[in-house]
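The values are calculated or read from the model by the stated rules, or taken from the named source; none is laboratory data. All values reported here derive from a predicted model rather than from experimental measurement. Cβ: placed from backbone, ideal geometry, glycine included. Neighbour counts: every protein chain shown.
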Amino acid sequence: MPLNLTSLLPGLVMLTLLGAIAIHDMRHQRIPDALNASLAIAGILFSFSGHGLPPQQAFAGAMLGLAITGLVRVAYHRARGRHGLGLGDVKMVTACGFWLGPQGVGIMLLVAALTAIAWSIVRQWTAASRPSRKTILPFGPWLALGAVVAFSCA
């Protein structure tokens with residue numbers, strides 16, 4: 001199957017937005033709403049264009065992403081008294097759900113969690129000062145990696 005701009009453009013848009021999100025989160029420990037909204041809108045448009053997931057699957061993926069990350073955020077806050085997952089991360093997973101659907105969201109979250117844990121372990125072994133339980137680990141870059149892996153698997 002020959003590659004054409006129509007088949008490459010959505011992936012390039014997604015990759016560009018995920019890259020911007022990952023870089024911003026690494027630098028500022030914050031994911032701007034404008035980037036998450038752009039990712040969500042592009043995913044919705046991709047779905048309705050007929051080239052992406054059917055709209056029902058896209059919306060199911062977004063709702064599943066919102067439900068899982070929202071519950072994790074609330075449960076962690078109740079257990080620890082502080083937020084372990086930022087609202088930007090929750091919005092990002094929701095936006096990616098429009099691109100990935102329910103199965104893709106599962107793959108995304110699994111890849112993100114495993115790579116973030118692996119990075120934390122490596123960082124703990126190699127860092128001059130040991131990170132504590134309060135050390136902030138931006139999760140956006142790991143979510144972006146998980147989204148790219150899930151999108152590539154589709």
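Between a first residue in the range 97-123 that is within 14 Å of Ile68 (Cβ to Cβ) and surrounded by fewer than 17 Cβ atoms within 10 Å (Cβ to Cβ) and a second residue that is modelled with pLDDT of 95 or more and among the basic types (Lys, Arg), which pairs have beta carbons less than 9 Å apart while being 6 or more apart in sequence or on different chains?
Short answer, once both residue conditions are applied: none.
Suppose the filter is part of a loop (DSSP other than H, G, I, E, B), of a type in the set (Val, Ile, Thr) and either more than 20 Å from Gln29 (Cα to Cα) or modelled with pLDDT under 95 (or both); does Ile117 pass it?
No; evaluated as a whole, the condition is false for this residue.
Kindly indicate the residue of the range 1-22 that is under 30 Å from Thr135 (Cα atoms) and free of Cβ contacts under 8 Å to residues at least 24 places away in the same chain and also surrounded by the fewest Cβ atoms within 10 Å (Cβ to Cβ) among those meeting that condition.
Filtering first and then ranking leaves Thr16.
Determine which member of the set Ala75, Ala95, Ala79, Ala58 is at pLDDT 95 or above and in contact with a Ser or Thr (Cβ under 7 Å, 6 or more places away or on another chain).
Ala58
Which residues, taken from the range 124-154, are without any contact (Cβ under 8 Å) to a residue 12 or more places away in the chain and either outside any loop (DSSP other than H, G, I, E, B) or touching an Asp or Glu at 6+ places or on another chain (Cβ under 7 Å) (or both)?
Gln124, Trp125, Thr126, Ser152
Counting only residues that are assigned to a helix (DSSP H, G or I) and among the β-branched types (Val, Ile, Thr), which one in the range 15-31 is nearest to Leu143 (Cα to Cα)?
Ile21
For the range 26-81, which positions are of a type in the set (Ser, Thr, Tyr) and surrounded by 13 or more Cβ atoms within 10 Å (Cβ to Cβ)?
Within the range 26-81, Ser38, Ser47, Thr69, Tyr76 qualify.
How about the range 82-96: which of its residues are surrounded by 14 or more Cβ atoms within 10 Å (Cβ to Cβ) and without any contact (Cβ under 8 Å) to a residue 24 or more places away in the chain?
If the condition is that a residue be surrounded by 14 or more Cβ atoms within 10 Å (Cβ to Cβ) and without any contact (Cβ under 8 Å) to a residue 24 or more places away in the chain, then Gly84, Leu87 are the ones that fit.
Counting only residues that are in a helix (DSSP H, G or I), more than 15 Å from the chain's Cα centre (by Cα) and within 19 Å of Gln103 (Cβ to Cβ), how many does the range 32-87 have?
9
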